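**Student:** Sharing a structure here in structure tokens format.
The values are calculated or read from the model by the stated rules, or taken from the named source; none is laboratory data. Keep in mind that what you see is a predicted model, and the values were worked out from it rather than measured. Cβ sites come from the backbone with ideal geometry, for glycine too, and all protein chains shown count toward neighbours. For the accessible areas, the whole protein counts, side chains as well, though only heavy atoms, and no ligand, DNA or RNA atoms are used. Shrake-Rupley method; radii C 1.70, N 1.55, O 1.52, S 1.80 Å.
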Amino acid sequence: MAEILFLATHPDIANVARQVCKGSDDVIVEVARMDEAVKLAKQADKNGYHVVVSRGVTYWKLRQAGLELPLVEVTIGGYDIVKAYLEAKKIGKRVGIVDVEQVANNPDLDAFIESIGDELVKYICHNDLEDISKGVQYLREQGVDVVIGKVAMAYEAMRQGLKAVVISSGWDSIRQAIEEARRVNQVRKQEMK
């Protein structure tokens, strides 16, 4: 029986998570974000899960929800951000990013942007919808054509009439989170003995 609930914030992330877990039965992958994910996570313990995995604003909301179960975050690496930037450059000239400090100021991203002699307009936000909205508005005022960010940021950019590219989590980031969830699950089982 599956003991880890992976709450993917986007179908693409769910597909990668399913590929990572292929051949094992300890992880169930569901697509859910924000309040829907919180609702599922609150039921997870009753449904036999021992660990919950998610990312981005949804992870932050899950942390704020006071879950009984351990929570593991899928991180966003420099490769993931640079990949989103390159996708954004295919659909617009001026790219901006709205995200939290550790994503927007990623050293790999900064080094890449500097090496190609381009500019990336940044807005550092907190994981709340009002600040995300302000960040997208700021990027619009700076003449940005395309916004990159996590799912919540991309949806807000599109809501405000801008193009957007979701920073997805790649195979390695998802694999690492699932491995961490498995370690957490093992430790939890040992502590319960």
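**Student:** Residue 172 versus (1) surrounded by fewer than 16 Cβ atoms within 10 Å (Cβ to Cβ); (2) modelled with pLDDT of 95 or more; (3) closer than 15 Å to residue 83 by Cβ: which is the lone unmet condition?
**Tutor:** The single condition residue 172 does not satisfy is (2).
**Student:** Here is a further query. Report whether or not residue 132 is among the β-branched types (Val, Ile, Thr), closer than 14 Å to residue 57 by Cβ and in contact with a strand residue (DSSP E or B) (Cβ under 8 Å, 6 or more places away or on another chain).
**Tutor:** It is true that residue 132 is among the β-branched types (Val, Ile, Thr), closer than 14 Å to residue 57 by Cβ and in contact with a strand residue (DSSP E or B) (Cβ under 8 Å, 6 or more places away or on another chain).
**Student:** I would also like to ask the following. Just for segment 147-167: of the residues that are charged (D, E, K, R) and in a helix (DSSP H, G or I), which one is surrounded by the most Cβ atoms within 10 Å (Cβ to Cβ)? Show your work before the answer.
**Tutor:** First pass over segment 147-167, keeping only residues charged (D, E, K, R): 150, 156, 159, 163.
Restricting the remaining residues to those that are in a helix (DSSP H, G or I) gives 156, 159.
Details: 156: 22, 159: 11.
Ranking the candidates gives 156 first.
**Student:** So, one more: Can you pull out the residues in segment 74-96 that are surrounded by 16 or more Cβ atoms within 10 Å (Cβ to Cβ), over 14 Å from the mean Cα position of the chain (by Cα) and among the β-branched types (Val, Ile, Thr)?
**Tutor:** Across segment 74-96, the qualifying residues are 82, 95.
**Student:** Are any residues in segment 1-35 closer than 20 Å to residue 68 by Cβ and in contact with a strand residue (DSSP E or B) (Cβ under 9 Å, 6 or more places away or on another chain), and if so, which ones?
**Tutor:** 2, 3, 4, 5, 6, 7, 26, 27, 28, 30, 32
**Student:** Quick one: would you say residue 51 is modelled with pLDDT of 95 or more, closer than 23 Å to residue 179 by Cβ, β-branched (Val, Ile, Thr) and open to solvent by less than 50 Å² (accessible area, probe 1.4 Å)?
**Tutor:** Values: modelled with pLDDT of 95 or more: yes; closer than 23 Å to residue 179 by Cβ: yes; β-branched (Val, Ile, Thr): yes; open to solvent by less than 50 Å² (accessible area, probe 1.4 Å): yes.
Yes.
**Student:** Further question: Among the candidates 83, 134, 90, 46, single out the residue that is touching a residue at least 12 places away in the same chain (Cβ under 8 Å) and of a type in the set (Lys, Arg). Walk me through it before giving the result.
**Tutor:** On the way: 134 fails: touching a residue at least 12 places away in the same chain (Cβ under 8 Å); 90 fails: touching a residue at least 12 places away in the same chain (Cβ under 8 Å); 46 fails: touching a residue at least 12 places away in the same chain (Cβ under 8 Å).
Of 83, 134, 90, 46, the one residue that is touching a residue at least 12 places away in the same chain (Cβ under 8 Å) and of a type in the set (Lys, Arg) is 83.
**Student:** Given the options 32, 111, name the one that is among the small types (Gly, Ala, Ser), open to solvent by 20 Å² or more (accessible area, probe 1.4 Å) and either farther than 25 Å from residue 187 by Cβ or at pLDDT 95 or above (or both).
**Tutor:** 111
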